[in-house]
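See below for the structure under consideration.
The values are calculated or read from the model by the stated rules, or taken from the named source; none is laboratory data. Just so you know, these numbers come straight off a predicted model, no measurement behind them. Positions of Cβ are backbone-derived with ideal geometry, glycine not excepted, and every protein chain shown enters the neighbour counts. Quick note on the areas: whole protein, heavy atoms, side chains included, nothing else; ligands and nucleic acids left out. Shrake-Rupley method; radii C 1.70, N 1.55, O 1.52, S 1.80 Å.
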Amino acid sequence: MERIVIVGGGTGGLVLANRLADELRAEIDTGDVRVTVVTDDTDHVYKPTFLYVPFGKKTVADAKRPVAELLDPRVEVRYDRVVAVDTDSETITVEDGNEIVGYDHLVLAMGAQLSPEEVPGLTEGGHHFYGPEGAEALRDALATFTEGHLVLSVVGVPHMCPAAPLEFVFMVDDWLRERGLRENVDLTYTYPIMRAHGMESIAEWATPLLDERNIHLETFFNPERVDPEGKIIETMEGEEMAYDLLVAIPPHAGNDLVTEAGLGDDGWVDVDKHTLEATNATDVYAVGDVADVPTSKAGSVAHYEAGVVADRIASRVRGQVPTARFDGKTVCFIETGMDEATFVEFEYGRQPQVRDPSKLVHWSKLGYNEAYWLTARGLL
């Protein structure tokens, strides 16, 4: 029997499992293949929903569905935490009973982890919308914020959903205007490199729009410490910035399992950017945020990567030479307010062209958010 083990129940893990269940339907039904997802959470979370929670447009509950409801019944699911990966013996160790599970093909899809503790004072002094508790706390803070200096600071890169920080400042600008509060609030957006976004074309598009909205842009701004009582951000460059409400994109980290298994530095899996196969082990792949590829850490990337890996594993199971390749395809909606958005699409070596924002694209994004659960099931 060919044992395919997928570690992680996020977008990449579920899309991959469902694709494999479809492509290897006959082999699974005859008992020649088994597909297993190992995840430590019974719920699957669609993280882009959290952007809307601070504005009261969505709730945390809207972002969750039970994993079991989203997986093809041919896929076995095990709710447990993986504590070790041994690529020499082709096994993983799970926390429950310290049990060792063997594999023939292993896919790591554990995502990225938030690490606000890397910046002293950030946990106590700042808010974020990259998780359920953070999004709800920010919602409550915004509800009573009527004047002062609101700072959105991107503390480190890479981070999940690279457009989300820009989306937030454009949305909060619009949200405050709708409430007649904008003239009482100074808005600042900071980014750690010398432009407003990691992708040059998006930075060139966003910079004049920030200026038009009277959102101050501060580049090459790297917070080193936050003083929660004094409400001061201190940077590596020796600068200080006072704030009344700090919304920070916290540092992101990979997974310790990756480093311990010798699969990559800093917790990101070193992979071939086209095949998603680990460079330091055989029959090991990575999809989603944990894969070290030169493109965005976004759900659409995980989706397209999962399709490639499913095709490659299916070919290997059947004794064929895999030919599917990932070209870096990324699709991203970018909200530019509470009722307009734009859309970008790009791949390796190609900068995106940013279209004019429109209400149609905004409603298209909201429509996709509702239809996402079909994507997770492998139906879109």
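If you go through region 253-266 and keep only what is assigned to a loop (DSSP other than H, G, I, E, B) and under 26 Å from residue 162 (Cβ atoms), you end up with 254, 255, 263, 264. For region 197-211, the condition of being touching a strand residue (DSSP E or B) at 6+ places or on another chain (Cβ under 6 Å) and under 20 Å from residue 138 (Cβ atoms) holds for none of the residues.
On inspection, residue 190 fails the criterion of being open to solvent by 10 Å² or more (accessible area, probe 1.4 Å), within 28 Å of the chain's Cα centre (by Cα) and of a type in the set (Ser, Thr, Tyr). Residues in region 5-47 that are under 18 Å from residue 318 (Cβ atoms) and either charged (D, E, K, R) or touching a Ser or Thr at 6+ places or on another chain (Cβ under 7 Å) (or both): 19, 22, 23, 25, 27, 29, 32, 34. When 314, 306 are screened for being in a helix (DSSP H, G or I), within 19 Å of the chain's Cα centre (by Cα), touching a residue at least 60 places away in the same chain (Cβ under 8 Å) and within 25 Å of residue 105 (Cβ to Cβ), only 306 passes.
No other residue among 102, 97 is more than 29 Å from residue 369 (Cβ to Cβ), in the same structural domain as residue 303 (by the TED database) and modelled with pLDDT under 95 apart from 97. Just one of the listed residues (281, 286) is modelled with pLDDT of 95 or more, surrounded by fewer than 22 Cβ atoms within 10 Å (Cβ to Cβ) and under 30 Å from residue 21 (Cβ atoms), namely 281. Restricting region 343-357 to residues that are over 21 Å from residue 289 (Cβ atoms) and touching a residue at least 40 places away in the same chain (Cβ under 8 Å), the residue that is least open to solvent (accessible area, probe 1.4 Å) is 354. Considering only region 57-67, I want to know if a residue exists there that is in contact with an Asp or Glu (Cβ under 7 Å, 6 or more places away or on another chain), crowded, with 18+ Cβ neighbours inside 10 Å and under 24 Å from residue 248 (Cβ atoms). No, the conditions are met nowhere in region 57-67. Just one of the listed residues (323, 295) is surrounded by fewer than 22 Cβ atoms within 10 Å (Cβ to Cβ), polar (S, T, N, Q) and not in a strand (DSSP E or B), and it is 323.
Within region 127-157, restricting attention to residues that are within 18 Å of residue 192 (Cα to Cα) and aliphatic (A, V, I, L, M), which residue is nearest to the chain's Cα centre (by Cα)? Ranking the candidates gives 157 first.
Quick one: which of 91, 144 is of a type in the set (S, T, N, Q) and without any contact (Cβ under 8 Å) to a residue 12 or more places away in the chain? Exactly one residue qualifies, and that residue is 144. Residues of region 321-341 that are within 22 Å of residue 286 (Cβ to Cβ), among the polar types (S, T, N, Q) and modelled with pLDDT of 95 or more: 323 alone.
Within the bounds of region 71-93, is there any residue that is under 15 Å from residue 372 (Cα atoms) and surrounded by 18 or more Cβ atoms within 10 Å (Cβ to Cβ)?
If we filter region 71-93 for residues that are under 15 Å from residue 372 (Cα atoms), which is where we start, we get 71.
Now drop any that are not surrounded by 18 or more Cβ atoms within 10 Å (Cβ to Cβ), which leaves 71.
Yes, the conditions are met somewhere in region 71-93.
Restricting region 358-380 to residues that are open to solvent by 70 Å² or more (accessible area, probe 1.4 Å) and of a type outside the set (Lys, Arg), the residue that is nearest to residue 70 (Cα to Cα) is 374.
So, in region 114-162, of the ones that are closer than 24 Å to residue 296 by Cα and small (Gly, Ala, Ser), which residue ends up surrounded by the most Cβ atoms within 10 Å (Cβ to Cβ)? The extreme case among them is 153.
Looking across 36, 42, one residue alone is open to solvent by less than 40 Å² (accessible area, probe 1.4 Å), among the polar types (S, T, N, Q) and over 30 Å from residue 242 (Cβ atoms). It is 36.
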